[in-house]
């Protein structure tokens, strides 16, 4: 049975009323999303095969390879554990982070259209205490940032 069939059957059982069922529904929905993304990646691979042998199609093939890579990465993210016990591997939208004297409020996370590299876009507090827009790449993420969203404080000493 596919994740899509499993999701359909779960929806047919009835309304979600308990937290445990919500978690199960989210897992099934994530599995369904991963399945659809993997199917899309496979279709992109077929398109690459159509164009990669011609000089005119080389650019299209390269673009489709990037899209397939992005779809597969998104599918892996959907397949990984979620919830309170999962440790985020990048900035999360709506969260405030502290690193030494820096504060970064993540507004959104996006991906480069070709490479799929993640970028967090948000607001950083600069030395005079004002906030300005800023973007962090995946390479700038590390264990040094502390999520201070739920502390109620901005983490300043």
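Assorted remarks:
- Criterion applied to 42, 59, 75 was being at pLDDT below 75 and out of contact with any helix residue (DSSP H, G or I) (no Cβ under 6 Å at 6 or more places or on another chain), and the one residue passing it is 59.
- Subset of the range 108-133 [closer than 30 Å to residue 72 by Cβ and surrounded by 16 or more Cβ atoms within 10 Å (Cβ to Cβ)]: 109, 116, 118, 119, 120, 122
- Residues being closer than 17 Å to residue 100 by Cβ and at pLDDT 90 or above - total across the range 132-147: 2
The values are calculated or read from the model by the stated rules, or taken from the named source; none is laboratory data. Values in this document were obtained by computation on a predicted structure and should not be read as measured data. Here Cβ is always computed from backbone atoms with ideal geometry, including for glycine, and neighbour counts include all displayed protein chains.
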